[in-house]
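This report concerns only the one structure given below.
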């Protein structure tokens, strides 16, 4: 038999690796449970399981997608598990599986039927919504499918009794991260699980995952992003708003203003880390002062350059985050001077600033390097607005 020689260095590295694995495994406590769908519905109605409003807003399956999932349940086709974490009061908060769980709740949990004038053997042309703000309270009316052509028009309460009972008894596998698991691991699990499936924008993941530390900062970002002068000045379209782009730009403003010197190579990573650090109170953040400056900054910008044209340098093209940084920080860093200028004069100054930065390569493609990001922030700070 041949002897295998393992260098001492490799042995040491292997030992260190195994120690790291063991350490982190011990930090992640979870259990695997199997429940009937009817039990899950009961738990949701009793609020023993919860879906945060941020996460619920990312429910995107259309009626075709929801129907196909219900068809899978009816035909007993296996489907992936859902993931929860146990919060401090013992309730379960959803980590992953929003599209599947929401579809189950909509179909089986509302206990309602659609209005009579929206019923029929085939209702592919009807998308009915009631006037509730809770989308999970709306009954789901199914469409026809390739395999079940007679499924169109059915709601849960109108299904044959045998199919209702089969669905109620169907089992779902659940992973629960126990409350003793540290928030940083819960955050990491959420981020990794939600990087696939029905894709969320980076900011949607941040909004949801950061709440595993605390609600205050994500609430602040979302509420601040709704400032009318800010929305008027950046002028995002509906798709951008649905992807939480206004939230991301608000976060970008505060991150680059307060933490640009930490930047290394990835802006998305910087935004995520800043949001985590503020939410977990690892760095100080004066909410009142920061909100006040944000309001002043965007009141001035909205008056001078409304409707977002300055942030789309190519005449209505793509929104430029680097121009956004440059303009907003130039006004914020020099807010007193900006206030003294007439809107037309400030608009001219900002146009000159954008042109100068572009000539220096501080905005546009390839300008998110560490050197150029710092150069952009320095230029915003030092550019004379008067």
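The values are calculated or read from the model by the stated rules, or taken from the named source; none is laboratory data. Note that this is a predicted model, so its numbers are computed, not measured. For neighbour counting, all protein chains shown are included, and Cβ atoms are generated from backbone atoms with ideal geometry for every residue, glycine included.
Taking region 339-368 as the region of interest, how many residues are closer than 20 Å to residue 266 by Cα and part of a helix (DSSP H, G or I)? Lay out the reasoning, then the answer.
Going residue by residue through region 339-368, those that are closer than 20 Å to residue 266 by Cα are 361-368.
Next, from what is left, pick out any that are part of a helix (DSSP H, G or I): none.
Counting residues in region 339-368 that are closer than 20 Å to residue 266 by Cα and part of a helix (DSSP H, G or I) gives 0.
Residues are listed down the side, and each one gets a yes or a no for (1) within 22 Å of residue 222 (Cβ to Cβ); (2) more than 27 Å from the chain's Cα centre (by Cα); (3) modelled with pLDDT of 95 or more:
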{"position": "287", "(1), (2), (3)": "yes, no, yes"}
{"position": "292", "(1), (2), (3)": "yes, no, yes"}
{"position": "298", "(1), (2), (3)": "yes, no, yes"}
{"position": "323", "(1), (2), (3)": "no, no, yes"}
{"position": "328", "(1), (2), (3)": "yes, no, yes"}
{"position": "348", "(1), (2), (3)": "no, yes, yes"}
{"position": "366", "(1), (2), (3)": "no, no, no"}
{"position": "380", "(1), (2), (3)": "no, yes, yes"}
{"position": "384", "(1), (2), (3)": "no, yes, no"}
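Which ones in region 199-218 are more than 22 Å from residue 177 (Cα to Cα) and either surrounded by fewer than 16 Cβ atoms within 10 Å (Cβ to Cβ) or in contact with a strand residue (DSSP E or B) (Cβ under 7 Å, 6 or more places away or on another chain) (or both)?
If the condition is that a residue be more than 22 Å from residue 177 (Cα to Cα) and either surrounded by fewer than 16 Cβ atoms within 10 Å (Cβ to Cβ) or in contact with a strand residue (DSSP E or B) (Cβ under 7 Å, 6 or more places away or on another chain) (or both), then 199, 216 are the ones that fit.
Being surrounded by 21 or more Cβ atoms within 10 Å (Cβ to Cβ) and in contact with a helix residue (DSSP H, G or I) (Cβ under 8 Å, 6 or more places away or on another chain) is the requirement here; does residue 236 meet it?
Details: surrounded by 21 or more Cβ atoms within 10 Å (Cβ to Cβ): no; in contact with a helix residue (DSSP H, G or I) (Cβ under 8 Å, 6 or more places away or on another chain): yes.
No: the conditions fail for residue 236.
For region 7-93, which helices (runs of 4 or more DSSP H) that fit wholly inside it have 2 or more residues that are at pLDDT below 80?
On the way: elements: 8-27, 37-45, 53-56, 63-74.
Fully inside region 7-93 and qualifying: 8-27, 53-56.
Counting only residues that are assigned by TED's automatic domain parsing to the domain that holds residue 336, touching a residue at least 40 places away in the same chain (Cβ under 8 Å) and surrounded by fewer than 16 Cβ atoms within 10 Å (Cβ to Cβ), give me the helices (runs of 4 or more DSSP H) lying completely in region 240-304 with at least 1 of them.
Values: elements: 245-259, 267-279, 287-304.
Helices (runs of 4 or more DSSP H) meeting the threshold: 267-279, 287-304.
Go through (1) in contact (Cβ under 8 Å) with a residue 60 or more places away in the chain; (2) in a loop (DSSP other than H, G, I, E, B); (3) within 24 Å of residue 377 (Cβ to Cβ) for residue 214 and report which single condition fails.
The failed condition is (3).
Which one of these does residue 210 not meet: (1) assigned by TED's automatic domain parsing to the domain that holds residue 107; (2) modelled with pLDDT of 85 or more?
(1)
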